[in-house]
């Protein structure tokens, strides 16, 4: 009975996203990466950088990898937000990769990130939802979870629309460039 109770109590923890709000112990990582400025030393705050306590999520991935995801206007826009992949080597954090996308933090885990891209050009709308992992110290698309293509203007829509099926060379990469 005790084992069953322990299992039932731990289920919400297991299924819950491992991303959490940053706290003061994370600030050195973020300052090292140039993501934010130390909010306690207001004389050195760069006007271009937000303070470290203003809307970031962090998750420890396997080994010494960390992913920081922005949730503020300094690092987000209509195309998504920025995420940084870094590695801890001794007492320093090294930037390995970054991506620009829409992130589903609630469905992401320490093993993968769920992200999406979309575009609406008037004639059609497309959206791709992908599972991203860390491979060889870079963000890597591991799996296409969903791909939608909706035609809004049948007369104007070309028969040879490049979004008709998923093709990585026509889908925006993590930095907003065509892959």
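Nothing in this text is a laboratory measurement; each read-out follows from the coordinates by a stated rule. From a predicted model like this one, the values you see are computed outputs, not experimental measurements. Note that we place each Cβ from the backbone using ideal geometry, even for glycine, and neighbour counts take in every protein chain shown.
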25, 116 arranged by Cβ crowding within 10 Å, fewest neighbours leading: 25, 116
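When averaged across all projection directions, what area in nm² does the alpha-carbon convex hull of the range 95-156 cover? Could you put the intermediate results ahead of the total?
Values: hull surface 20.5 nm².
Mean orientational projected area (the range 95-156, Cα hull): 5.1 nm².
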